[in-house]
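Notes for the one structure printed next.
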Amino acid sequence: LDLASDGNLLAATDAHIDMLTAAFACDRTRVATLMLCPGTDLRDFSSFGGPGGDHHNLSHDGVYNPAGADALGYINNWYAKRVASFLSKLDSIVEDPDTGATLLDNSIVYWGNEDGCNGYDAHPGWAMPTLLAGGAGGAIKTGRYIDYRTLGKGIQYDAGGYSADQPTDYIGRPFNSLLISLMQAMGLAPEDYENGGAGYGDYAGIYNGQYSVSDGQQPLPFLAG
């Protein structure tokens with residue numbers, strides 16, 4: 001496939017999904033990333049019958065421009081269909097004939113993006129939507145919607161530490177908490193991922209106590225199976 005051609009994006013993506021599914025089924029790897037982003041040069045979705053446009057610019061413009069919002073919605077829907085295809089293929093492979101557990105049942109699929117849902121600009125790093133599928137053999141409860149925001153407690157600072165004058169959302173939990181939950185669901189203990197302190201990752205971006213560091217150093221509540 002000519003990967004420089006937008007017309008081949010669907011075929012190339014499906015080929016990657018088939019390869020990842022086979023790699024998991026054959027136990028050639030247990031961790032993988034499938035990344036679809038502006039770097040794949042999603043310039044012209046008219047190749048698939050949708051509106052054209054630069055994905056990156058649309059992610060900034062969609063809040064202010066109805067046409068941009070429609071185009072961005074089409075792109076995100078296109079992504080969702082690829083994720084659904086991947087989940088269906090994982091779920092078609094039975095790993096335990098006695099229980100009927102599938103490859104999907106025994107996996108964790110995390111789907112996220114860098115576009116927050118805050119009614120202001122898509123790129124600020126708050127109100128980040130996340131979807132988990134699979135459940136890791138029962139380690140994570142699925143089939144639920146959990147909102148970790150504290151209603152009434154507005155976001156005060158943006159990612160640079162400046163006063164956030166325009167956000168329309170509320171403070172939730174540090175993203176680090178989700179990563180800790182995923183690692184523990186996959187059998188890791190704190191000593192496997194902690195490096196010089198409690199929790200995981202960098203907490204330097206928590207300006208003036210906007211988020212609770214202690215919450216970020218723990219797994220998310222209500223998530224474990």
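Result for the chain in a Gaussian network model with C-alpha springs under 10 Å: among 95, 191, 114, the largest mean-square fluctuation is at 191. Taking the Cα atoms of the range 103-225, the ratio Rg/Rh between the radius of gyration and the Kirkwood radius comes to 0.98. Pairs of Cα atoms under 8 Å, at least six residues apart: use those to get the relative contact order of the chain, whole percent. After rounding, I find 12 percent. Each 5 Å bin from 0 upward holds the following percent of the Cα-Cα pairs of the range 78-119: 5, 20, 22, 18, 13, 10, 6, 4, 2, 0. In summary, the lysines within cross-link reach of residue 89, defined as a Cα separation below 27 angstrom excluding same-chain residues under 8 places away, comprise 81, 141. Solvent exposure of the chain, expressed per residue, is 58 Å² of accessible area, with all protein chains present and a 1.4 angstrom probe. Legend: calculated FRET efficiency, residue 33 to residue 67, from the Cβ-Cβ distance at R0 = 25 Å, rounded to 0.05, equals 0.20.
Mean residue ellipticity, 222 nm, helices only, the chain: the sum of -39500 (n - 2.57) across DSSP H runs of n ≥ 4, divided by residue count and rounded to 500, is -9500 deg cm²/dmol.
A Cβ-based charge dipole, computed about the Cα centre of the chain with Lys and Arg at +1 and Asp and Glu at -1, lands at about 440 debye. Size descriptor for the chain, Kirkwood hydrodynamic radius: 19.7 Å (Cα pairs only, one decimal). Annotation for residue 191 and residue 206: the two label points, set 7 Å from Cα along the Cα-Cβ direction, are 2.5 nm apart. Put simply, the amide H of residue 106, placed in the peptide plane, has neighbours under 5 Å in 137, leaving out anything fewer than 5 places away on its chain.
Using a 1.4 Å probe on the protein chains only, how many percent of the accessible area of the range 148-225 belongs to carbon and sulfur? Heavy-atom surface of the range 148-225 belonging to carbon and sulfur, 1.4 Å probe: 49 percent.
The values are calculated or read from the model by the stated rules, or taken from the named source; none is laboratory data. These numbers were taken from a predicted model, which means no experiment stands behind them. All Cβ positions, even for glycine, are placed from backbone atoms using ideal geometry, and neighbour counts span all protein chains on display. In case anyone asks, the SASA skips ligands and DNA or RNA and just uses the protein heavy atoms, side chains included. Shrake-Rupley method; radii C 1.70, N 1.55, O 1.52, S 1.80 Å.
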